[in-house]
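Have a look at the structure below before the remarks.
Where a number appears in this text, it was derived from the coordinates with a stated rule and is not lab data. Bear in mind the structure is a predicted one, so any value in this text is a computation, not a measurement. Quick reminder, even Gly has a Cβ in these numbers, built from the backbone with ideal geometry, and neighbours come from all protein chains shown.
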Amino acid sequence: MNNREVFSVLGIFDSAQSLMRAIPEVKSGAAAKLEAYTPYPVHGLDEALGLRKSPIAGMVLVMAVIGSIAALGLEFWTSGVDYPQVTAGKPYFSWEAFVPIMFELTVLFAAFTAGLGMLLLLNRLPFFRHPMLAARSMPLITRDKFALAVEAGGKTIDVEEISALLRDSGAASVEVVESPPVHGLASPRFFFRVLIAIAIACCVAGYATYWAMKLFPKAIPMVHMLDQPRLGPQQGNTFFTDGSGMRMPVEGTVSRISIPYTVDEQEDPSAMGNPLPRTAPVLGRGRQLFNDYCSVCHGILGNGETTLTAAYEAKPTNLLSKNIAALTDGSMYHVIMKGKNSMPSYSADLSQDERWAVLHYVRVLQRALDAKDEDVSSAQKE
Amino acid sequence: MKPEAVLEKLKPAPVITGHVRLGDLDDQLLTPVGEKPPLAWFIAFAMTSTATLIGMALIGYTIATGIGVWGNNIPVAWAFDIINFVFWVGIGHAGTLISAILLLFRARWRNGVSRFAEAMTIFAVICATLFPLIHVGRPWLAFWLGPYPNQRGIWPNFRSPLLWDVFAVNTYFLVSLLFWYIGLIPDIASMRDRAANKIRKFVYSALSLGWRGASRHWRHYEKAYLIIAGLATGLVLSVHSVVSFDFAVSLVPGWHMTIFPPYFVAGAIFAGFAMVVMAMVVVRRTMRLEHLITDYHLEVMNKVILACSCLMGYAYLLEGFTAWYSMNDYIHHTFLQYIFGTYWWAGWLTITCNILIPQLLWFKWFRTKYFGMIFVSLSVTVGMWFERFVIIVSSLHEDFLPSSWHIYMPTYVDYGILLGSFGLFFTLVLLFARVLPVIATTEMKMVLPGSQPHREGGSHE
């Protein structure tokens, strides 16, 4: 046998006691590195082999602190800086409420540092090609036998001498463990290939799901509440006898913003003055309401160029004409309230202030027909 | 009595009876794994998997139609789903308690039952997380619960106990899984070395990560295991406290009480131990492990159940006291609802099953005989489920506004999903018993007499 290929010489012991007894003897007899393999942790073995204390506790402590700081930072930044919301009258940085999650993340970080740090970092697992795993005595070790290994560590060792030493110190049998040749399928490379394949499969599945949800948003169960059984405005419905889905308010219902209007045909409405100031917001509102409510009939400029077809037989007044311009605001207000001939009443659609705002805008339209230089500058001043 | 006799009596009973050698443990615990299961296993599996399928079908129906198919309606917005969630999380806690807290207390008897209890924890938490997941209605959007940067520019509310719950339960699941897996690694290595079948050998090899029992590994392993146990101890207390915050932090009368966290933790351990006792009796009988899970084990667990039952009795009394002392009409009303209201029978069932029946465990006969302990454990399981029913449904169904009072009635879908969760739990338990060792073989080796040098009787960890 080529000595270079020897990984270690194993002495197999029947009990933990005999293993412990052998260690000092073998230690003084062989200058090589010693390692013990046991089916369960044997106490006192670390000291006998002269192993240092495990540094895992320190690692865990550091990561636990990082975990709690990370949790606090996340909670502070999200609920205090990036998305500040007042919840239950608490301040943005209500640290008391952040404690539970801080605790959980501390434990999470610490536990995974302990677990994965021990496995991956300190013990360098997974390691499937370790020569020991191919040893004949491995099944005995995981069962009930104890092994003391004298490891070559890349150097040449005298197998005969060490075997004799182990036997002398009480080993029931001795095995020489070789560095095995690299072999194909059950190698760690295969294992990692499987892992990578699983990862790729996960990505593909995730991507496919993403596109499925994007392309077929109405596929059950992803309807995203688009399917809502309800009646739209003006929709018919067989439930009510009149066949209409819309319901009228009961007789005598008073609108919340209604203000009694007592002026009638006999009285002169022209006495009413426009109570609203002529400011930009009022005019803006007036324009919007005019466009919404009046422009269909009176035209977008108020010049009577209606968008209605001939089926609407009446001719809406040109609001820019001389005699309309001569009307007082009060009289026009009365028309909006009561309607005139074919012009319907707008008392239900517009509130009091909105009516006056519309009239301000009508005045603007009238003036704009015959705008003067000073209007432009005064408009800019406003 | 002579002092020697007293001392003799005080000595803990042996955790393993009879003469057992290291190798015997492997033969006995690892051989059944992977062999063709007996007929009884197939019958049990057929039953549990049918129940699981019924549950899954009804969950599918719920998701496709909406949670309107359940009985929940305002004001009883939380009902079976949250009851089952709290119930299952609670069952899980016994596992962590046995494996972690008793490890720290150096209670050596725990080695025999820890693996099974830990597995139960994981399966119970899987059943538990199912319920909030389907209760959100659109489970495929459940990731919205997590804090991740999104185009909506919003973040979850970290002041909400429901979000604490998300973190607590997920942490609990991950850490339990890690703890369980790390405990399993040496056992899986033994399985690897015993496996004759090529596929099995490959799977166990991969799972064992190439564990070879080197002392340089053991020294980190033991330390890490102990640290995770310590962390899990804090976790088991925190998780059920956080679950109780879901209730206690709200302003609902009957929920807004400071007793809730300890009361919930005690209840969780209570229910969990009952489940462990039932399962251990079955395992011990079917796998002939009377010498490893001894009468002493079962008796100790029954004593824990008795202690928890007394704690629960105290908590119930205190709930009544708090209600009376609060001088608040709403809290008075809610408490009276528990015992004299619409669901009075649930209240009395809770008290009977959780407080009165477990008192039988004062008698040694009930602590040591299968019939006695199964009877008590079953009653505890039923009682603890109804306790959550009382807390949730009785408190909610008559809230502040009499106009919105509503009598809650579960639908067949509710019952079916509950059945399904039991089915899922036991299906997983049955599968587990076929592929992994139900008893922590390596840990048992450590407590075998004479397994440790220098010390007689062996030490633990």
Legend entry - Proximal charge balance of residue B:388 [Cβ under 12 Å; K/R count +1, D/E count -1]: -3
Inset, instruction - Enumerate the calculated ³J(HN,Hα) couplings along the stretch A:331-339 in order (Karplus 6.51 cos²θ - 1.76 cosθ + 1.60, θ = phi - 60°), each rounded to whole Hz, writing x wherever the residue is Gly or Pro. - result: 5, 5, 4, 4, 4, 4, 5, 9, x
Inset, instruction - Could you give the C-alpha radius of gyration of the stretch A:1-142 expressed as a fraction of 2.2 N^0.38 Å, taking N as the number of residues it contains? - result: 1.69
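Relative to 2.2 N^0.38 Å, what does the C-alpha radius of gyration of the stretch A:191-331 come to as a ratio? Two decimals please.
Output field value: 2.06.
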Inset, instruction - Assign one of three labels to the stretch B:1-106, namely rounded, prolate or oblate, based on the Cα gyration tensor with a ≥ b ≥ c the square roots of its eigenvalues; rounded applies when a/c is under 1.5, prolate when it is not and a/b is larger than b/c, and oblate otherwise. - result: oblate
Legend entry - Derived scalar couplings ³J(HN,Hα) [the stretch A:202-210; Karplus, 6.51 cos²θ - 1.76 cosθ + 1.60; whole Hz; x for Gly, Pro]: 4, 4, 4, 4, x, 5, 4, 4, 4
Legend entry - C-alpha long axis of helix A:16-29 to longest principal axis of chain A, angle in °: 70
Legend entry - Under-5 Å amide H pairs with residue A:13, H placed in peptide plane, nonlocal only: A:146, A:147, A:148, A:172
Legend entry - 10 Å Cβ neighbours from other chains, averaged over peptide B:137-144: 2
Legend entry - Dipole of the protein assembly as shown [Lys/Arg +1, Asp/Glu -1 at C-beta], most positive-end residue of B:213, B:271, A:67: B:213
Legend entry - the stretch B:280-291 - phi-based ³J(HN,Hα) in whole Hz, Karplus 6.51/-1.76/1.60, Gly and Pro as x: 5, 4, 5, 4, 5, 5, 6, 9, 6, 10, 4, 8
Inset, instruction - For residue A:8, enumerate residues with amide H under 5 Å from its amide H, sequence gap 5+ or separate chain, H modeled in the peptide plane. - result: A:152, A:177
Inset, instruction - Kindly express, to the nearest 10 degrees and within the range 0 to 90, the angle between helix B:198-208's C-alpha long axis and the longest C-alpha principal axis of chain B. - result: 70
Legend entry - Residues of type lysines that residue B:369 reaches as a straight line, Cα spacing below 16 Å, ignoring anything fewer than 8 places off in the same chain: B:303
Legend entry - Shielding score for A:18-26, defined as the mean number of other chain Cβ atoms within 10 Å: 1
Inset, instruction - Mind putting a number on the dipole of the protein assembly as shown about its Cα centre? Charges go on the C-beta only, +1 for Lys and Arg and -1 for Asp and Glu, and I need it in Debye to the nearest 20. - result: 2520
Inset, instruction - With a 10 Å radius around each residue's Cβ, average the other Cβ atoms per peptide and rank B:189-195, B:306-312, highest first. - result: B:189-195, B:306-312
Legend entry - Pairs of Lys in chain A closer than 19 Å at Cα, counting only those 8 or more apart or on different chains: 8
Legend entry - Debye, to nearest 20: dipole size of the stretch A:277-381, +1 on Lys, Arg Cβ, -1 on Asp, Glu Cβ: 160
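Can you give me the orientation-averaged projected area of the convex hull built on the Cα atoms of the stretch A:254-337, in nm²?
Values: hull surface 29.7 nm².
Computed as one quarter of the Cα hull surface, the answer is 7.4 nm².
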Legend entry - Percent of C-alpha pairs per 5 Å bin, the stretch B:104-148, short to long: 5, 17, 16, 15, 12, 10, 8, 9, 7, 0
Legend entry - Percent RCO, i.e. relative contact order, over chain B, from Cα pairs under 8 Å lying at least 6 residues apart: 30
Inset, instruction - Indicate the gyration tensor shape class of the stretch B:32-178 (rounded, prolate or oblate), computed on the Cα atoms with a ≥ b ≥ c the square roots of the eigenvalues: a/c under 1.5 is rounded; otherwise a/b larger than b/c is prolate and the rest oblate. - result: oblate
Inset, instruction - Enumerate the amide H contacts of residue A:244 below 5 Å, restricted to partners 5 or more residues apart or on another chain; note that Pro and chain-start residues carry no placed amide H. - result: A:237
Inset, instruction - Give the Debye-formula value of log10 I(q)/I(0) at each listed q (0.06, 0.09, 0.11 Å⁻¹), with one equal scatterer per alpha carbon of the protein assembly as shown, two decimals each. - result: -0.58, -1.00, -1.33
Legend entry - Given charges at Cβ of Lys, Arg, Asp, Glu: the protein assembly as shown dipole, positive-most of B:151, B:31, A:288: B:31
Legend entry - Principal axis dimensions, the stretch A:277-381 - Cα atoms, whole angstrom, descending: 43, 26, 23
Inset, instruction - Using only atoms on other chains, find how many Cβ atoms lie within 10 Å of each Cβ of peptide A:146-156 and report the average. - result: 1
Inset, instruction - Taking a cut-off of 17 Å between Cα atoms, list the lysines near residue B:198, but don't count ones fewer than 8 places away on the same chain. - result: B:36
Legend entry - Rg to Rh quotient for the stretch B:262-319, alpha carbon positions, Kirkwood Rh: 1.11
Inset, instruction - Considering the convex hull of the alpha carbon atoms of the stretch B:165-266, report its projected area averaged over all viewing directions, in nm², one decimal. - result: 8.6
Legend entry - Unit charges on C-beta of K, R, D, E only; dipole of chain A, Debye: 720
Legend entry - Hydrodynamic radius of the stretch B:99-199 per Kirkwood, over alpha carbon pairs, in Å: 16.7
Legend entry - Listed residue (B:337, B:93, B:393) projecting farthest to the positive dipole end of chain B, Cβ model: B:93
Inset, instruction - Note down the relative contact order for chain A as a percent, whole number, built from C-alpha pairs under 8 angstrom at least six residues apart. - result: 19
Legend entry - Spread of Cα-to-Cα distances over 10 Å intervals beginning at zero, given as percent, for chain B: 4, 19, 29, 26, 15, 6, 1, 0
Legend entry - Euclidean distance of C-alpha centroids, the stretch B:375-417 and the stretch A:45-103, integer Å: 37
Inset, instruction - Give me the percent of Cα-Cα pairs in chain A that sit more than 41 Å apart, rounded to a whole number. - result: 60
Legend entry - Helical mean residue ellipticity (222 nm; -39500 (n - 2.57) per DSSP H run of 4+; nearest 500) of the protein assembly as shown: -18000 deg cm²/dmol
